[in-house]
1. How large is the Rg to Rh ratio of the stretch 2-74 when both quantities use alpha carbon positions and Rh follows Kirkwood?
2. Local charge sum around Lys23 (other residues, Cβ-Cβ under 14 Å, Lys/Arg +1, Asp/Glu -1)?
3. Could you list the chymotrypsin sites (Phe, Trp or Tyr not before Pro) in the stretch 18-72 that lie in coil according to DSSP, counting only those with at most 16 other Cβ atoms within 10 Å of their Cβ?
4. At Arg25 and Arg91, where each label point lies 7 Å from the Cα along Cα→Cβ, what is the point-to-point distance in nanometres?
Amino acid sequence: MINNLYTSHELRSKWEEWLQYRKERKLPKYVPTGLKQTITHLELITGGDQNKAIEFIDYSMAQNFQGIYPKPNYESRTSKDNRKPGTSEARIEGLINLR
């Protein structure tokens, strides 16, 4: 399935490494729906950038994660607003916009 979304040999190889990592950790094999969702998630957080996908897979294995997560220095949100929801600044801005 990963072959359909990504074309680089490096990413296909990294994906195989990810599957081996999961096997070594004795995590359950992906069921078809879970595999599809994982690939969709990877495509979403990388914007389809194959180099980012490789970095995120490497990062997730290095951190001993069970799933694939973006490196903290990458902005995965679509908003260019750097304020975090729930901060005082964001709340004040939200109240101002209610007017």
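Bear in mind these aren't lab numbers, they're just calculated from the coordinates by the rules spelled out. Computed from a prediction, not measured in an experiment: that's the story for all the values here. As a convention, Cβ positions derive from the backbone with ideal geometry for all residues, glycine included, and neighbour counts pool all protein chains shown.
1. Values: Rg = 11.3 Å, Rh = 12.3 Å.
Dividing the radius of gyration by the Kirkwood radius yields 0.92.
2. Numbers: positive: Arg22, Arg25, Lys26, Lys29; negative: Glu16, Glu17, Glu24.
Cβ neighbours under 14 Å give a net charge of +1.
3. Working: sites: Trp18, Tyr21, Tyr30, Phe56, Tyr59, Phe65; in loops: Tyr30, Phe65.
Passing both the DSSP loop test and the Cβ count: Tyr30, Phe65.
4. About 3.6 nm, to one decimal.
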